[in-house]
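Peer 1: To start, I am sharing the structure in question, which I have written as structure tokens.
The values are calculated or read from the model by the stated rules, or taken from the named source; none is laboratory data. Because the structure is predicted, anything quoted here is derived from the model rather than measured. Here the Cβ positions follow ideal geometry from the backbone for every residue, glycine too, while neighbour counts run over all protein chains shown. Ligands, DNA and RNA are stripped out before the accessible areas are found, and what is left, the full protein with its side chains, is counted by its heavy atoms. Shrake-Rupley method; radii C 1.70, N 1.55, O 1.52, S 1.80 Å.
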Amino acid sequence: MARCFYPLEKFSQTPSHFSLLPFRFTRFQNQELLVNEAGEFLFTPSGTVQALATGNLNTLSDLYKDLKAKQFLFDNSTSPLLDILATKIRAKNDHLTRGTKLHIFVVTLRCEHSCHYCQVSRQTAAKGEFDMSRVTADRSISLMMDSPSPHITMELQGGEPLLAFEMIQYLIPRAKEQAKQRGKVLEIVVTTNLACATDEMYQYFKEEGVKISTSLDGPAEIHNKNRPRPGNDSYERAIEGIERARAIVGRENVAALMTTTATSLDHPIEIIDEYVNRNFHSIFLRPISPYGFAVKSKNRIGYEMERFLAFYKSGLEHILEINRSGYRLSEVYSQILLQKILTPQGTGYVDLQSPAGAAWNVLVYNYDGDVFASDESRMLAEMHDWTFRLGNVHKDTRRSLFTSEAAIQMFEASCNQSLAGCSDCAFQSFCGADPIYHYATQGDMYGHRPTSGFCERNMEVIKHLFSYIRDDDPGIMAIFWSWINGRPAFALEPSCA
């Protein structure tokens, strides 16, 4: 970790001869935080930016040497090493070179739950006309395999996908066969609430190497309130399903996610402790998504971003305390951001990519063959807003999907490097653009950053993480590095499990 404090000889009264490389900055407590194009950062004394602008920086100081080493500047005695800087920037944007990796198949809209925060137009369990057909499935698999990515993740979701288990059994062997023919590595995840799962299904998933992602919103009273179903036993069925899935499919192949509702906000400790009690080693403190039918429930389950941020900060401190006690539990969103801040790597998490990862890194194949840029854009379509529908599997190719008017409009608003409010933000390298979120919440893909919940959340979370990094507590930094170097979660963002 670079030093945060420098002796007084850092500034000079006479101009020095050096040249600047691009960087952004912000005031951070009583210092200035500088971040360059590759995400390299440095805590510097107040007045450093002015000294850089005027050239009044002591070239013999430790501050000057650190600025040069991290490529904020160069002088006549060194080359700018632009090829190294370019390599770092390229590594941060590696997601652009691989092609679409995540492919979501909506095998049915049917579901027996009535979750208050559900983002899609769920249908009753008996309405089979909302299931994917075999013709649509075949065409969707073909389009998925047209992706240039050598690694493909196929996520099967709904509704509740296990209500269309026959379609799952149809999809999996055909996807595997095509992956083998085209030389691709295929990973399959099923997103399910587990309420209607059977041992025969678990055995099938074990034999086929399918991983399971489910939902756990906290203790019984919170989970059952968030996720009502006939019998009011959603929690009991989820816990029973998790244990059966672990016993048959394997503990390492079962993951869980929670969604934060207004009910959740007063109970961060209880929710996190539930994950520990159930022997999970990661938890994603994620807010409600403002899409689709979840918007209709906003008055019942919604909240201001300030309340979520208080929930997140309280939860993160509790998670750190749990780690100090010897139990490894990572907070997934913090882990993603810390990887972007502390390492040269980018992220596969679509929401924090720039250019935005929608379409580039995820495609959604709806039960009726419509193709969307992300799961969130499919949720908008359920409210009869087709802005992000790229095409349909029965008439489009990968080329026509990516050159559609919907795709082009979205791509134009997907780079935070050129967005007002983002282009000069110090945290730009660690954040994303998310035009779909801003369209859904503000009616504009470009968005208005001063009133953006996306911006408010990410800026506050990033600042909070930087406060830990600045303090450089060895115990906390060791925990952060264990999260970064640990095994990543295999499924981070199912929509309605």
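Peer 1: Set the Förster distance to 56 Å, then compute FRET efficiency between residue 229 and residue 60 from the Cβ-Cβ distance, nearest 0.05. Please list the in-between numbers first.
Peer 2: Working: r = 70 Å, r/R0 = 1.24.
According to the calculation, E is roughly 0.20.
Peer 1: Treat each spin label as a single point 7 Å out from the Cα along the C-beta direction, and report the residue 309 to residue 96 distance in nm.
Peer 2: With each label point 7 Å from Cα toward Cβ, the separation is 3.0 nm.
Peer 1: If the chain between residue 196 and residue 477 were fully stretched, how many nm would it gain, using 0.36 nm times the residue separation less the Cα-Cα distance?
Peer 2: 96.9 nm
Peer 1: While we're on this one: Using packing as a proxy for protection, rank 195-207, 41-53 so that the peptide with the highest average count of other Cβ atoms within 10 Å comes first.
Peer 2: Result, highest mean Cβ count within 10 Å first: 41-53, 195-207.
Peer 1: Ok, one more. To the nearest 10 square angstrom, what accessible area does residue 418 show with a 1.4 Å probe?
Peer 2: The accessible area of residue 418 comes to roughly 90 Å².
Peer 1: Can you list the residues of the stretch 210-239 with backbone N under 12 Å from a point 7 Å past the Cα of residue 270, pointing along Cα to Cβ?
Peer 2: The answer is 218-226, whose backbone nitrogens lie closer than 12 Å to the label point.
Peer 1: Just to verify a number: FRET efficiency for residue 247 and residue 460, C-beta to C-beta distance, R0 = 35 Å, to 0.05? Working shown, then result.
Peer 2: Numbers: r = 41 Å, r/R0 = 1.16.
After rounding, the FRET efficiency stands at 0.30.
Peer 1: What share of Cα pairs, in percent, lie more than 32 angstrom apart in the chain? Each step should come with its number before you reach the end.
Peer 2: Working: 54122 of 123256 pairs.
The share of Cα pairs beyond 32 Å in the chain comes to 44 percent.
Peer 1: In square angstrom, rounded to the nearest 10, how much accessible surface does residue 459 have for a 1.4 Å probe?
Peer 2: Rounded to the nearest 10, that gives 60 Å².
Peer 1: Give me Rg/Rg_expected for the stretch 17-92, where Rg uses Cα atoms only and Rg_expected = 2.2 N^0.38 Å with N residues.
Peer 2: 1.06
Peer 1: Please give the solvent-accessible surface of residue 351 in Å², to the nearest 10, using a probe radius of 1.4 Å with every protein chain present.
Peer 2: Answer for residue 351: close to 40 Å² accessible.
Peer 1: Here is a follow-up. Please give the direction-averaged projected area of the C-alpha convex hull for the stretch 163-290, in square nanometres with one decimal. All intermediate terms of the calculation are to be shown ahead of the outcome.
Peer 2: Numbers: hull surface 36.0 nm².
Result: a mean projected hull area of 9.0 nm².
Peer 1: Just to confirm my numbers, what's the Cα centroid distance between the stretch 127-200 and the stretch 328-377 in Å?
Peer 2: 20 Å
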